[in-house]
1. What FRET efficiency would be calculated for the residue pair ASP71, VAL310, taking the C-beta separation as r and a Förster radius of 45 Å, to the nearest 0.05?
2. What full-extension length gain, to one decimal in nm, is calculated for ASP439 and ALA465 as 0.36 nm per residue of separation minus the Cα-Cα distance?
3. Find how much the distance from ASP180 to GLU253 grows on full extension, using 0.36 nm per residue of separation minus their present alpha carbon separation; answer in nm with one decimal.
4. Could you run the Karplus curve 6.51 cos²θ - 1.76 cosθ + 1.60 with θ = phi - 60° over region 125-136 and give me ³J(HN,Hα) per residue in whole Hz, x for Gly and Pro?
5. Which of rounded, prolate, oblate describes region 217-342, given a ≥ b ≥ c as roots of the alpha-carbon gyration tensor eigenvalues and a/c under 1.5 marking rounded, otherwise prolate only if a/b is larger than b/c?
6. Using just the Cα positions, wrap the chain in a convex hull and report its mean projected area in square nanometres, one decimal place.
7. Calculate the spin-label point distance for ARG140 paired with VAL320, positioning each point 7 Å from the Cα along the beta-carbon direction, and give it in nanometres.
8. Can you give the extra length, in nm with one decimal, that the chain gains between ARG375 and ALA450 once fully stretched, where that is 0.36 nm per residue apart less the Cα-Cα distance?
Amino acid sequence: MRTLEVDYLVAGAGATGMAFTDALIAASDASVVLVDRRESPGGHWNDAYPFVRLHQPSAFYGVNSLHLGDDRVDESGLNAGYYEQATAPEICQYFSQVLEEVLLPSGQVTFLGGHEHAGEDHKGHRLVSGSGAEVRVRARKVVDATYLHTELPATHPPGFEIESGARVVTPTELVDVVGDGPLAGGFTVIGAGKTAADTCTWLQQQGVAAADIRWVRPRDVWFLNRTFIQSLDLTVPMIEGLAAVYTAAADAEDLDDLYVRAEATDQIMRLDREVEPDMCHGATLSRAELELLQGITDVVRMGRVRRVGVGELVLDQGTVTTRPQEVHVNCTTRGLGWAPPKPVFEDGLITPQPTRYGMLPFSAALTGFLEATDRDDQDKNRLSHPNPVPRTGSRLDWAWAVYLGAVNEVAWQREPDIQAWLQRSRLNISRAVVEHLDDPHLQRAVSTIASRGRGAVDNLRRLLADDQ
Ligand SMILES: Cc1cc2nc3c(=O)[nH]c(=O)nc-3n(C[C@H](O)[C@H](O)[C@H](O)COP(=O)(O)OP(=O)(O)OC[C@H]3O[C@@H](n4cnc5c(N)ncnc54)[C@H](O)[C@@H]3O)c2cc1C
(Lines give C-alpha, C1' and ligand atoms only; values in the text may rest on other atoms or scores of the structure.)
Protein backbone atom coordinates (compact mmCIF):
# COMPACT_ATOMS: atom_id res chain seq x y z
CA MET A 1 0.00 0.00 0.00
CA ARG A 2 1.31 3.39 -1.06
CA THR A 3 1.45 6.22 1.51
CA LEU A 4 1.80 9.84 0.42
CA GLU A 5 2.78 12.68 2.74
CA VAL A 6 1.59 16.13 1.59
CA ASP A 7 0.53 19.51 2.91
CA TYR A 8 -3.05 19.33 1.57
CA LEU A 9 -5.48 16.61 0.58
CA VAL A 10 -8.09 18.19 -1.69
CA ALA A 11 -11.15 15.93 -1.96
CA GLY A 12 -13.12 16.69 -5.13
CA ALA A 13 -11.72 17.81 -8.49
CA GLY A 14 -14.78 19.77 -9.61
CA ALA A 15 -14.60 23.51 -10.24
CA THR A 16 -14.18 24.16 -6.50
CA GLY A 17 -11.24 21.80 -5.94
CA MET A 18 -9.54 22.85 -9.16
CA ALA A 19 -9.84 26.61 -8.55
CA PHE A 20 -8.72 26.24 -4.92
CA THR A 21 -5.68 24.12 -5.82
CA ASP A 22 -4.65 26.37 -8.69
CA ALA A 23 -4.72 29.49 -6.50
CA LEU A 24 -3.02 27.76 -3.57
CA ILE A 25 -0.04 26.49 -5.55
CA ALA A 26 0.27 29.82 -7.39
CA ALA A 27 0.78 31.53 -4.04
CA SER A 28 2.81 28.89 -2.16
CA ASP A 29 5.06 25.86 -2.61
CA ALA A 30 2.50 23.59 -0.92
CA SER A 31 2.21 19.97 -2.01
CA VAL A 32 -1.27 18.64 -2.80
CA VAL A 33 -2.99 15.33 -3.42
CA LEU A 34 -6.14 16.00 -5.45
CA VAL A 35 -8.56 13.08 -5.37
CA ASP A 36 -11.84 12.42 -7.17
CA ARG A 37 -14.00 9.36 -7.57
CA ARG A 38 -14.37 10.33 -11.22
CA GLU A 39 -11.49 9.55 -13.56
CA SER A 40 -11.38 13.13 -14.89
CA PRO A 41 -11.70 16.56 -13.32
CA GLY A 42 -14.72 18.86 -13.87
CA GLY A 43 -17.15 17.34 -11.36
CA HIS A 44 -20.84 17.52 -12.23
CA TRP A 45 -20.16 19.03 -15.64
CA ASN A 46 -19.23 15.49 -16.73
CA ASP A 47 -22.88 14.44 -16.23
CA ALA A 48 -24.61 17.60 -17.42
CA TYR A 49 -27.43 17.60 -19.96
CA PRO A 50 -26.15 18.27 -23.49
CA PHE A 51 -27.67 21.71 -23.94
CA VAL A 52 -26.50 23.17 -20.63
CA ARG A 53 -24.21 26.18 -20.56
CA LEU A 54 -22.63 28.20 -17.80
CA HIS A 55 -24.99 30.76 -16.27
CA GLN A 56 -22.21 33.31 -16.27
CA PRO A 57 -19.67 34.27 -18.90
CA SER A 58 -16.70 31.94 -19.40
CA ALA A 59 -14.55 35.08 -19.06
CA PHE A 60 -14.56 34.70 -15.28
CA TYR A 61 -15.17 30.97 -14.74
CA GLY A 62 -12.63 28.19 -14.16
CA VAL A 63 -9.22 28.77 -12.60
CA ASN A 64 -6.96 31.79 -12.52
CA SER A 65 -4.05 30.33 -14.49
CA LEU A 66 -5.81 29.44 -17.72
CA HIS A 67 -8.34 31.25 -19.89
CA LEU A 68 -11.66 29.59 -20.63
CA GLY A 69 -12.99 30.56 -24.06
CA ASP A 70 -11.99 33.60 -26.10
CA ASP A 71 -13.61 36.45 -24.12
CA ARG A 72 -15.93 36.85 -27.12
CA VAL A 73 -19.26 38.71 -27.02
CA ASP A 74 -21.97 36.64 -28.73
CA GLU A 75 -23.42 38.38 -31.78
CA SER A 76 -26.50 36.26 -32.30
CA GLY A 77 -28.85 33.98 -30.42
CA LEU A 78 -30.44 34.40 -27.02
CA ASN A 79 -27.17 35.50 -25.42
CA ALA A 80 -26.47 38.18 -28.05
CA GLY A 81 -24.65 41.18 -26.63
CA TYR A 82 -23.22 39.22 -23.69
CA TYR A 83 -19.98 37.32 -23.17
CA GLU A 84 -19.95 33.72 -24.39
CA GLN A 85 -20.90 30.91 -22.00
CA ALA A 86 -19.11 27.58 -22.25
CA THR A 87 -20.91 24.28 -22.83
CA ALA A 88 -20.39 21.29 -20.53
CA PRO A 89 -17.94 19.50 -22.91
CA GLU A 90 -15.94 22.73 -23.21
CA ILE A 91 -15.79 23.03 -19.42
CA CYS A 92 -14.71 19.39 -18.97
CA GLN A 93 -12.05 19.70 -21.63
CA TYR A 94 -10.87 22.93 -20.02
CA PHE A 95 -10.47 21.34 -16.58
CA SER A 96 -8.52 18.42 -18.13
CA GLN A 97 -6.26 20.99 -19.74
CA VAL A 98 -5.83 22.78 -16.40
CA LEU A 99 -4.78 19.47 -14.86
CA GLU A 100 -2.37 18.52 -17.66
CA GLU A 101 -0.90 21.95 -18.38
CA VAL A 102 -0.91 23.71 -15.00
CA LEU A 103 -1.41 21.52 -11.95
CA LEU A 104 0.65 18.43 -12.82
CA PRO A 105 3.58 20.30 -14.46
CA SER A 106 3.90 22.39 -11.28
CA GLY A 107 5.32 19.31 -9.57
CA GLN A 108 3.25 20.27 -6.51
CA VAL A 109 0.10 18.28 -7.35
CA THR A 110 -0.59 14.54 -7.51
CA PHE A 111 -3.97 13.66 -9.06
CA LEU A 112 -5.71 10.45 -8.06
CA GLY A 113 -8.71 10.11 -10.35
CA GLY A 114 -11.02 7.13 -9.91
CA HIS A 115 -10.39 7.07 -6.15
CA GLU A 116 -12.97 7.45 -3.40
CA HIS A 117 -12.05 9.45 -0.33
CA ALA A 118 -13.29 6.86 2.14
CA GLY A 119 -12.50 8.52 5.47
CA GLU A 120 -9.57 8.66 7.84
CA ASP A 121 -8.06 6.47 10.53
CA HIS A 122 -4.80 6.42 12.48
CA LYS A 123 -2.86 5.47 9.29
CA GLY A 124 -4.15 8.53 7.41
CA HIS A 125 -6.81 9.19 4.79
CA ARG A 126 -8.04 6.18 2.81
CA LEU A 127 -8.30 6.65 -0.94
CA VAL A 128 -9.78 3.57 -2.55
CA SER A 129 -9.74 2.85 -6.28
CA GLY A 130 -12.49 1.05 -8.20
CA SER A 131 -10.53 -2.19 -7.95
CA GLY A 132 -10.28 -1.84 -4.17
CA ALA A 133 -6.60 -0.83 -4.10
CA GLU A 134 -5.84 1.63 -1.34
CA VAL A 135 -3.61 4.67 -1.17
CA ARG A 136 -3.00 6.33 2.19
CA VAL A 137 -2.48 10.05 2.48
CA ARG A 138 -1.13 11.91 5.46
CA ALA A 139 -1.90 15.61 5.09
CA ARG A 140 -1.53 18.68 7.25
CA LYS A 141 -4.97 19.87 6.11
CA VAL A 142 -7.95 18.46 4.28
CA VAL A 143 -9.92 20.55 1.81
CA ASP A 144 -13.50 19.35 1.44
CA ALA A 145 -14.32 20.39 -2.12
CA THR A 146 -17.29 18.00 -2.17
CA TYR A 147 -19.40 20.00 0.27
CA LEU A 148 -21.73 21.80 -2.13
CA HIS A 149 -23.58 18.68 -3.33
CA THR A 150 -24.44 19.55 -6.91
CA GLU A 151 -27.47 17.56 -8.07
CA LEU A 152 -28.36 16.78 -11.67
CA PRO A 153 -31.44 15.08 -13.14
CA ALA A 154 -29.18 12.54 -14.89
CA THR A 155 -27.80 11.30 -11.57
CA HIS A 156 -30.77 11.79 -9.21
CA PRO A 157 -33.96 9.72 -9.38
CA PRO A 158 -37.30 11.57 -9.60
CA GLY A 159 -39.09 12.24 -6.33
CA PHE A 160 -42.48 11.13 -7.72
CA GLU A 161 -44.17 7.92 -8.74
CA ILE A 162 -44.28 6.95 -12.43
CA GLU A 163 -47.05 4.72 -13.79
CA SER A 164 -45.92 1.98 -16.12
CA GLY A 165 -46.27 3.30 -19.67
CA ALA A 166 -45.93 6.97 -18.73
CA ARG A 167 -43.05 8.70 -20.48
CA VAL A 168 -40.67 10.48 -18.11
CA VAL A 169 -37.20 11.47 -19.31
CA THR A 170 -34.24 13.48 -18.07
CA PRO A 171 -33.11 16.52 -20.07
CA THR A 172 -30.25 14.34 -21.36
CA GLU A 173 -32.68 11.68 -22.64
CA LEU A 174 -34.91 14.40 -24.09
CA VAL A 175 -32.28 15.16 -26.72
CA ASP A 176 -32.70 11.65 -28.17
CA VAL A 177 -36.50 11.80 -27.92
CA VAL A 178 -36.63 15.04 -29.91
CA GLY A 179 -33.99 13.76 -32.33
CA ASP A 180 -36.18 10.75 -33.12
CA GLY A 181 -38.65 12.95 -35.02
CA PRO A 182 -42.09 14.59 -34.66
CA LEU A 183 -44.04 13.75 -31.51
CA ALA A 184 -47.79 13.53 -31.15
CA GLY A 185 -48.11 14.21 -27.45
CA GLY A 186 -46.39 17.47 -26.56
CA PHE A 187 -44.19 18.07 -23.54
CA THR A 188 -44.62 18.66 -19.82
CA VAL A 189 -41.59 20.20 -18.16
CA ILE A 190 -41.55 19.59 -14.41
CA GLY A 191 -39.56 22.01 -12.24
CA ALA A 192 -39.23 25.71 -11.64
CA GLY A 193 -35.50 26.38 -11.78
CA LYS A 194 -32.78 26.91 -14.33
CA THR A 195 -32.76 23.34 -15.65
CA ALA A 196 -36.46 23.64 -16.45
CA ALA A 197 -35.94 27.08 -17.99
CA ASP A 198 -33.07 25.71 -20.10
CA THR A 199 -35.28 22.81 -21.20
CA CYS A 200 -38.20 25.06 -22.18
CA THR A 201 -35.81 27.31 -24.10
CA TRP A 202 -34.10 24.41 -25.86
CA LEU A 203 -37.39 22.79 -26.87
CA GLN A 204 -38.51 26.01 -28.52
CA GLN A 205 -35.16 26.33 -30.26
CA GLN A 206 -35.77 22.85 -31.68
CA GLY A 207 -39.02 24.09 -33.21
CA VAL A 208 -41.49 22.93 -30.55
CA ALA A 209 -44.29 25.48 -30.31
CA ALA A 210 -44.82 27.19 -26.95
CA ALA A 211 -48.42 25.92 -27.09
CA ASP A 212 -47.09 22.32 -27.04
CA ILE A 213 -45.25 22.84 -23.77
CA ARG A 214 -46.91 22.57 -20.37
CA TRP A 215 -44.75 23.90 -17.53
CA VAL A 216 -45.30 22.61 -13.99
CA ARG A 217 -43.93 25.26 -11.64
CA PRO A 218 -44.55 24.45 -7.97
CA ARG A 219 -42.97 27.81 -7.10
CA ASP A 220 -41.90 30.81 -9.10
CA VAL A 221 -38.31 32.03 -9.16
CA TRP A 222 -36.51 35.34 -9.15
CA PHE A 223 -33.93 35.23 -11.94
CA LEU A 224 -30.89 37.51 -12.08
CA ASN A 225 -30.58 39.71 -15.13
CA ARG A 226 -27.51 38.61 -17.09
CA THR A 227 -26.92 42.20 -18.30
CA PHE A 228 -25.42 42.89 -14.90
CA ILE A 229 -23.30 39.74 -14.66
CA GLN A 230 -20.74 40.74 -17.25
CA SER A 231 -17.12 41.79 -17.17
CA LEU A 232 -14.33 43.30 -19.33
CA ASP A 233 -15.88 45.58 -22.01
CA LEU A 234 -19.29 45.26 -20.32
CA THR A 235 -18.00 46.28 -16.90
CA VAL A 236 -19.77 49.64 -16.82
CA PRO A 237 -23.35 48.30 -16.91
CA MET A 238 -22.34 45.66 -14.36
CA ILE A 239 -21.11 48.32 -11.92
CA GLU A 240 -24.18 50.46 -12.65
CA GLY A 241 -26.27 47.43 -11.72
CA LEU A 242 -24.41 47.08 -8.45
CA ALA A 243 -24.99 50.76 -7.73
CA ALA A 244 -28.72 50.24 -8.37
CA VAL A 245 -28.78 47.27 -5.99
CA TYR A 246 -26.99 49.21 -3.23
CA THR A 247 -29.32 52.17 -3.73
CA ALA A 248 -32.38 49.91 -3.47
CA ALA A 249 -30.92 48.21 -0.40
CA ALA A 250 -30.10 51.52 1.31
CA ASP A 251 -33.50 53.10 0.59
CA ALA A 252 -35.88 50.15 1.05
CA GLU A 253 -38.46 50.64 3.79
CA ASP A 254 -39.11 46.94 4.13
CA LEU A 255 -38.33 43.69 2.29
CA ASP A 256 -41.32 44.03 -0.05
CA ASP A 257 -40.10 47.48 -0.97
CA LEU A 258 -36.58 46.13 -1.59
CA TYR A 259 -37.88 43.65 -4.16
CA VAL A 260 -40.07 46.29 -5.83
CA ARG A 261 -37.07 48.60 -6.19
CA ALA A 262 -34.75 45.83 -7.41
CA GLU A 263 -37.27 44.72 -10.03
CA ALA A 264 -37.95 48.30 -11.12
CA THR A 265 -34.26 48.70 -11.99
CA ASP A 266 -34.29 45.30 -13.77
CA GLN A 267 -31.88 43.63 -11.37
CA ILE A 268 -34.18 40.71 -10.69
CA MET A 269 -36.72 39.35 -13.16
CA ARG A 270 -39.72 37.05 -13.02
CA LEU A 271 -41.58 35.08 -15.62
CA ASP A 272 -45.07 36.18 -14.64
CA ARG A 273 -45.87 39.72 -13.47
CA GLU A 274 -48.98 38.41 -11.70
CA VAL A 275 -47.15 35.88 -9.54
CA GLU A 276 -44.80 36.79 -6.71
CA PRO A 277 -41.73 34.50 -6.83
CA ASP A 278 -40.74 32.94 -3.54
CA MET A 279 -37.26 31.64 -4.25
CA CYS A 280 -33.99 32.66 -5.86
CA HIS A 281 -31.22 30.19 -6.71
CA GLY A 282 -28.95 32.69 -8.44
CA ALA A 283 -29.80 31.53 -11.96
CA THR A 284 -29.41 34.11 -14.71
CA LEU A 285 -31.46 34.87 -17.82
CA SER A 286 -31.01 37.26 -20.70
CA ARG A 287 -34.02 39.42 -21.61
CA ALA A 288 -34.40 37.41 -24.84
CA GLU A 289 -34.54 34.14 -22.88
CA LEU A 290 -37.08 35.62 -20.48
CA GLU A 291 -39.33 36.72 -23.33
CA LEU A 292 -39.12 33.33 -25.05
CA LEU A 293 -40.04 31.60 -21.79
CA GLN A 294 -42.93 33.99 -21.20
CA GLY A 295 -44.47 32.62 -24.42
CA ILE A 296 -45.34 29.41 -22.52
CA THR A 297 -48.74 30.10 -21.04
CA ASP A 298 -49.84 26.62 -19.94
CA VAL A 299 -48.32 26.90 -16.47
CA VAL A 300 -49.49 24.50 -13.75
CA ARG A 301 -49.20 25.83 -10.20
CA MET A 302 -50.70 23.08 -8.08
CA GLY A 303 -47.74 22.17 -5.90
CA ARG A 304 -45.33 19.33 -6.49
CA VAL A 305 -45.91 16.39 -8.79
CA ARG A 306 -46.73 13.22 -6.84
CA ARG A 307 -47.42 10.84 -9.70
CA VAL A 308 -47.03 10.85 -13.47
CA GLY A 309 -49.72 8.61 -14.94
CA VAL A 310 -50.68 7.77 -18.51
CA GLY A 311 -53.09 10.58 -19.32
CA GLU A 312 -52.90 12.35 -15.97
CA LEU A 313 -50.58 14.20 -13.68
CA VAL A 314 -51.28 14.03 -9.94
CA LEU A 315 -50.06 17.02 -7.95
CA ASP A 316 -50.30 18.18 -4.31
CA GLN A 317 -53.38 20.25 -5.08
CA GLY A 318 -55.19 18.30 -7.80
CA THR A 319 -54.99 16.38 -11.03
CA VAL A 320 -54.32 17.57 -14.57
CA THR A 321 -55.41 15.62 -17.64
CA THR A 322 -52.56 15.06 -20.07
CA ARG A 323 -52.19 13.51 -23.52
CA PRO A 324 -51.37 9.78 -23.36
CA GLN A 325 -48.22 10.21 -25.46
CA GLU A 326 -47.02 13.25 -23.53
CA VAL A 327 -43.28 13.38 -22.76
CA HIS A 328 -42.56 14.54 -19.21
CA VAL A 329 -39.15 16.05 -18.58
CA ASN A 330 -37.94 15.75 -15.00
CA CYS A 331 -36.12 18.96 -14.06
CA THR A 332 -36.79 18.77 -10.33
CA THR A 333 -33.25 18.51 -8.98
CA ARG A 334 -31.86 21.57 -7.33
CA GLY A 335 -28.53 22.07 -9.13
CA LEU A 336 -26.76 23.29 -6.08
CA GLY A 337 -28.05 21.26 -3.17
CA TRP A 338 -28.53 22.58 0.33
CA ALA A 339 -25.22 22.82 2.16
CA PRO A 340 -25.63 24.74 5.44
CA PRO A 341 -23.04 27.48 5.85
CA LYS A 342 -20.12 26.57 8.10
CA PRO A 343 -16.73 28.17 8.80
CA VAL A 344 -14.51 27.95 5.74
CA PHE A 345 -11.36 27.60 7.86
CA GLU A 346 -11.27 25.20 10.80
CA ASP A 347 -8.49 23.34 12.53
CA GLY A 348 -7.03 21.04 9.85
CA LEU A 349 -10.08 21.43 7.59
CA ILE A 350 -10.96 23.89 4.83
CA THR A 351 -14.47 23.87 3.36
CA PRO A 352 -14.66 26.20 0.35
CA GLN A 353 -18.08 27.80 -0.06
CA PRO A 354 -19.33 30.74 -2.13
CA THR A 355 -18.14 34.01 -0.65
CA ARG A 356 -19.22 35.97 -3.71
CA TYR A 357 -22.79 34.96 -4.53
CA GLY A 358 -23.13 32.27 -7.20
CA MET A 359 -19.47 32.52 -8.18
CA LEU A 360 -18.00 29.29 -6.96
CA PRO A 361 -14.65 29.12 -8.74
CA PHE A 362 -13.88 32.74 -7.82
CA SER A 363 -14.73 32.03 -4.18
CA ALA A 364 -12.69 28.80 -4.06
CA ALA A 365 -9.70 30.54 -5.64
CA LEU A 366 -9.84 33.37 -3.09
CA THR A 367 -9.98 30.74 -0.35
CA GLY A 368 -6.86 29.10 -1.82
CA PHE A 369 -5.09 32.45 -1.91
CA LEU A 370 -6.10 33.30 1.69
CA GLU A 371 -4.85 29.92 2.85
CA ALA A 372 -1.43 30.74 1.41
CA THR A 373 -1.20 33.96 3.44
CA ASP A 374 0.05 33.97 7.02
CA ARG A 375 -3.31 34.97 8.53
CA ASP A 376 -4.75 32.81 11.32
CA ASP A 377 -8.03 30.95 10.79
CA GLN A 378 -10.07 33.56 12.64
CA ASP A 379 -8.79 36.31 10.38
CA LYS A 380 -9.33 34.22 7.24
CA ASN A 381 -12.91 33.50 8.33
CA ARG A 382 -13.50 37.21 8.91
CA LEU A 383 -12.79 37.61 5.19
CA SER A 384 -14.84 34.56 4.13
CA HIS A 385 -18.47 34.79 5.23
CA PRO A 386 -20.22 31.97 3.34
CA ASN A 387 -22.85 33.34 0.97
CA PRO A 388 -24.71 30.10 0.15
CA VAL A 389 -26.86 29.48 -2.89
CA PRO A 390 -29.58 28.85 -1.77
CA ARG A 391 -29.56 29.98 1.85
CA THR A 392 -33.07 29.63 3.21
CA GLY A 393 -34.93 28.38 0.12
CA SER A 394 -37.21 31.42 0.38
CA ARG A 395 -37.47 34.68 -1.55
CA LEU A 396 -35.22 36.22 1.12
CA ASP A 397 -32.25 34.45 -0.45
CA TRP A 398 -31.61 37.30 -2.84
CA ALA A 399 -31.68 39.89 -0.03
CA TRP A 400 -29.30 37.73 2.01
CA ALA A 401 -27.02 37.34 -1.01
CA VAL A 402 -26.77 41.12 -1.40
CA TYR A 403 -26.16 41.63 2.32
CA LEU A 404 -23.50 38.93 2.76
CA GLY A 405 -21.88 39.90 -0.53
CA ALA A 406 -21.53 43.51 0.62
CA VAL A 407 -20.12 42.43 3.99
CA ASN A 408 -17.34 40.46 2.27
CA GLU A 409 -16.60 43.13 -0.33
CA VAL A 410 -16.25 45.79 2.38
CA ALA A 411 -13.87 43.54 4.34
CA TRP A 412 -11.76 42.78 1.22
CA GLN A 413 -11.43 46.48 0.41
CA ARG A 414 -9.36 47.01 3.54
CA GLU A 415 -6.77 44.32 2.69
CA PRO A 416 -4.07 45.47 0.25
CA ASP A 417 -2.92 41.94 -0.64
CA ILE A 418 -6.49 40.88 -1.46
CA GLN A 419 -6.96 44.01 -3.55
CA ALA A 420 -3.79 43.19 -5.48
CA TRP A 421 -4.97 39.57 -5.95
CA LEU A 422 -8.40 40.76 -7.14
CA GLN A 423 -6.70 42.99 -9.67
CA ARG A 424 -4.80 40.12 -11.25
CA SER A 425 -7.49 37.42 -10.88
CA ARG A 426 -9.24 36.55 -14.16
CA LEU A 427 -12.06 35.10 -12.03
CA ASN A 428 -12.82 38.53 -10.57
CA ILE A 429 -15.89 39.97 -12.36
CA SER A 430 -14.77 43.54 -11.64
CA ARG A 431 -11.12 43.26 -12.62
CA ALA A 432 -11.56 45.61 -15.59
CA VAL A 433 -12.96 48.53 -13.58
CA VAL A 434 -9.56 50.24 -13.72
CA GLU A 435 -9.73 50.25 -17.52
CA HIS A 436 -12.98 52.25 -17.47
CA LEU A 437 -12.14 54.89 -14.89
CA ASP A 438 -12.50 57.67 -17.48
CA ASP A 439 -16.10 56.71 -18.22
CA PRO A 440 -18.48 59.18 -16.53
CA HIS A 441 -21.15 56.45 -16.14
CA LEU A 442 -18.68 54.31 -14.24
CA GLN A 443 -17.55 57.28 -12.15
CA ARG A 444 -21.15 58.00 -11.14
CA ALA A 445 -21.81 54.35 -10.29
CA VAL A 446 -18.62 54.00 -8.25
CA SER A 447 -19.42 57.13 -6.32
CA THR A 448 -22.96 55.81 -5.63
CA ILE A 449 -21.51 52.54 -4.35
CA ALA A 450 -19.06 54.42 -2.14
CA SER A 451 -21.74 56.71 -0.70
CA ARG A 452 -24.57 54.15 -0.37
CA GLY A 453 -22.64 50.97 0.44
CA ARG A 454 -22.54 51.44 4.22
CA GLY A 455 -26.23 52.45 4.30
CA ALA A 456 -27.12 49.38 2.22
CA VAL A 457 -25.37 47.01 4.62
CA ASP A 458 -26.90 48.65 7.71
CA ASN A 459 -30.40 48.72 6.24
CA LEU A 460 -30.25 45.12 5.01
CA ARG A 461 -29.04 43.98 8.43
CA ARG A 462 -32.07 45.73 9.95
CA LEU A 463 -34.52 44.33 7.37
CA LEU A 464 -33.17 40.79 7.71
CA ALA A 465 -32.96 40.89 11.51
CA ASP A 466 -36.11 38.79 11.91
CA ASP A 467 -34.65 36.10 9.68
CA GLN A 468 -31.32 35.67 11.54
C1 LIG B 1 -26.64 23.94 -14.85
C2 LIG B 1 -25.66 24.60 -13.94
C3 LIG B 1 -25.03 25.80 -14.32
C4 LIG B 1 -24.13 26.42 -13.46
N5 LIG B 1 -23.52 27.59 -13.84
C6 LIG B 1 -22.63 28.18 -12.99
C7 LIG B 1 -21.97 29.40 -13.33
O8 LIG B 1 -22.19 29.95 -14.39
N9 LIG B 1 -21.10 29.94 -12.45
C10 LIG B 1 -20.83 29.34 -11.25
O11 LIG B 1 -19.99 29.83 -10.49
N12 LIG B 1 -21.45 28.21 -10.90
C13 LIG B 1 -22.33 27.62 -11.74
N14 LIG B 1 -22.96 26.48 -11.37
C15 LIG B 1 -22.67 25.95 -10.07
C16 LIG B 1 -21.67 24.83 -10.22
O17 LIG B 1 -22.21 23.79 -9.51
C18 LIG B 1 -20.30 25.25 -9.77
O19 LIG B 1 -19.77 26.20 -10.65
C20 LIG B 1 -19.29 24.12 -9.74
O21 LIG B 1 -19.25 23.43 -10.95
C22 LIG B 1 -19.50 23.21 -8.57
O23 LIG B 1 -18.33 22.52 -8.44
P24 LIG B 1 -17.97 21.70 -7.18
O25 LIG B 1 -16.55 21.32 -7.37
O26 LIG B 1 -18.29 22.43 -5.92
O27 LIG B 1 -18.94 20.43 -7.19
P28 LIG B 1 -18.98 19.19 -8.18
O29 LIG B 1 -18.90 19.59 -9.58
O30 LIG B 1 -20.16 18.39 -7.75
O31 LIG B 1 -17.64 18.41 -7.83
C32 LIG B 1 -17.46 17.65 -6.66
C33 LIG B 1 -16.54 16.52 -7.00
O34 LIG B 1 -16.29 15.78 -5.81
C35 LIG B 1 -16.22 14.41 -6.13
N36 LIG B 1 -16.49 13.64 -4.91
C37 LIG B 1 -17.57 13.75 -4.09
N38 LIG B 1 -17.43 12.92 -3.03
C39 LIG B 1 -16.24 12.29 -3.19
C40 LIG B 1 -15.53 11.32 -2.42
N41 LIG B 1 -15.99 10.84 -1.26
N42 LIG B 1 -14.34 10.88 -2.89
C43 LIG B 1 -13.83 11.34 -4.06
N44 LIG B 1 -14.45 12.27 -4.81
C45 LIG B 1 -15.64 12.75 -4.38
C46 LIG B 1 -17.27 14.23 -7.21
O47 LIG B 1 -16.97 13.09 -8.01
C48 LIG B 1 -17.13 15.54 -8.00
O49 LIG B 1 -16.27 15.40 -9.11
C50 LIG B 1 -23.85 25.83 -12.21
C51 LIG B 1 -24.49 24.63 -11.82
C52 LIG B 1 -25.37 24.01 -12.68
C53 LIG B 1 -26.01 22.72 -12.22
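The values are calculated or read from the model by the stated rules, or taken from the named source; none is laboratory data. As the structure is a computational prediction, the values presented were derived from the model and not from experiment. Because the Cβ atoms are built from the backbone with ideal geometry, glycine has one as well, and the counts that use them run over all protein chains shown. In case anyone asks, the SASA skips ligands and DNA or RNA and just uses the protein heavy atoms, side chains included. Shrake-Rupley method; radii C 1.70, N 1.55, O 1.52, S 1.80 Å.
1. Plugging the Cβ-Cβ distance into 1/(1 + (r/R0)^6) gives 0.35.
2. My answer for the length gained is 5.6 nm.
3. Extending this stretch completely gives an extra 20.8 nm.
4. Per residue, the Karplus-derived 3J(HN,Hα) values read 7, 9, 10, 10, 7, x, 7, x, 5, 10, 10, 9 Hz.
5. It is prolate, given that a/c is not under 1.5 and a/b is the larger ratio.
6. About 23.4 nm², averaged over all directions.
7. 5.6 nm
8. The span from ARG375 to ALA450 would gain 24.3 nm if fully extended.
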